[in-house]
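The values are calculated or read from the model by the stated rules, or taken from the named source; none is laboratory data. Please read these numbers as outputs of a predicted model, since none were measured by experiment. Because the Cβ atoms are built from the backbone with ideal geometry, glycine has one as well, and the counts that use them run over all protein chains shown. For accessibility, only protein heavy atoms count, side chains too; no ligands or nucleic acids. Shrake-Rupley method; radii C 1.70, N 1.55, O 1.52, S 1.80 Å.
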Amino acid sequence: MELPQASYGYEMCLSEKFWCPEFSLEAVIALQSHFEAHDTDIFVINMPKTGTTWFKSLLYTLLNRCDNHHLSNTPLQTYSPHELISSLEIMIYTKDKTPDLTKIPPPRLFSTHLPYASLPESVKNSKCKIIYVTRNPFDTFVSSWLYYSKLEKLDIHTSRDDYFDKFCQGRSLYGPFFDHVVGYWKESLERPQKVLFLKYEDLKEDGALQLKRVGEFVEHPFSKQEEEQGVVQGIINLCSIGSLKEMEVNKKGKCDPDFDNKSFFRKGVVGDWVNYLTPPMVERLTKIMDENFNGSGLSF
Ligand code: A3P
């Protein structure tokens, strides 16, 4: 595989056509060769900064609830959502580690940022389930620029305008953003039993409705009794940004030597982009959105 050095510490995997961070390149290659999906696996997949941390906390809590389990006893108090559902290419596979994952009891929960086309074949061909979470590109751009410009591991010290230009060209981590989103969107239409497509904005607007969809999708639906007892709302409250931010593990912990847990929580609102993007930027990104989503039925 030819790997030309790109700017900002990430490289294009030419054969796959996505921008892979240099630090996870060997892990990506290893997992593509070795990872074997089980039919009972559940994957959380999204582009960075689209609500990964939030959704992991929701899914983990949904799957691990039980009648007598008080939501305040949650493992979220002790572990970062990224430890409860770990990223294949960032935490599970590393350049020195090809782990044995066969002993993990079902359902195994994993996350990845890989585009659909680059998933291991067994993930595409088995009966495992994928929940894809995305977010409007304006807020995704702002959240990622603010985050990456502080992340030493990536060595991205650049201006908003320069990073915006790269984002528009598709040169964002695991991007192009639009190819990533459209790839999973199409799969969700063709195979709704396999891929559930969720938007950050919908989770914000009606978390209960979306969480119930997730419960049905992973075959762990909420009972009438649970709904009446407020279990759905309890999970939403527990996983709200205000609640997660206040947990000691997210104030002081690290889920990896390079990632402070607190860095995953900023404002957590829809539409913060108005504070960062100029009218010409909005116009340019809107045009790209229109071109990419045209006729797909997808909009933000
Ligand atoms: P902002 O930078 O716009 O605030 P990821 O987890 O994929 O890295 O995404 C991070 C984004 O999700 C950040 O967005 C962060 O604040 C937001 N976020 C984290 N936890 C959240 C929660 N519980 N509810 C809503 N948004 C959350």
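So here's what we get for this one:
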item: Amide proton proximity set for residue 255, modelled H, under 5 Å, gap of 5+; result: 261
item: Amide proton proximity set for residue 87, modelled H, under 5 Å, gap of 5+; result: 92, 111
item: Contour minus Cα-Cα distance for residue 275 and residue 189 (0.36 nm per residue); result: 27.6 nm
item: Summed residue charge, Cβ within 10 Å of residue 298's Cβ, Lys/Arg positive, Asp/Glu negative; result: +2
item: Separation of the residue 233 and residue 256 label points, Cα + 7 Å toward Cβ, nm; result: 3.7
item: Gain on full stretching of the segment that runs from residue 296 to residue 40 - 0.36 nm per residue minus C-alpha separation; result: 89.2 nm
item: Simple spin-label estimate for residue 212 and residue 284 in nanometres, 7 Å along Cα-Cβ; result: 4.3
item: Accessible area in square angstrom per residue, region 5-293, 1.4 angstrom probe; result: 45
item: Region 290-300 - phi-based ³J(HN,Hα) in whole Hz, Karplus 6.51/-1.76/1.60, Gly and Pro as x; result: 4, 5, 7, 9, 3, x, 8, x, 9, 8, 10
item: Segments 268-281, 137-150 sorted - mean Cβ within 10 Å per residue, highest first; result: 137-150, 268-281
item: Rounded percent of accessible protein surface that carbon and sulfur make up, region 5-293, 1.4 Å probe; result: 51
item: Difference of contour (0.36 nm per residue) and Cα-Cα distance, residue 121 to residue 22; result: 33.4 nm
item: Ratio of Rg to Rh over the chain (Cα coordinates, Kirkwood Rh, two decimals); result: 0.94
item: Residues residue 245 and residue 66, FRET efficiency given R0 of 35 Å [Cβ-Cβ distance, rounded to 0.05]; result: 0.85
item: Cut-off 10 Å between beta-carbons: net charge of the residues surrounding residue 146, Lys and Arg +1, Asp and Glu -1; result: +4
item: Within-12-Å neighbourhood charge of residue 36 [Cβ basis; K, R +1; D, E -1]; result: -3
item: Within the chain, percent of DSSP bridges classed antiparallel, to nearest 5; result: 35
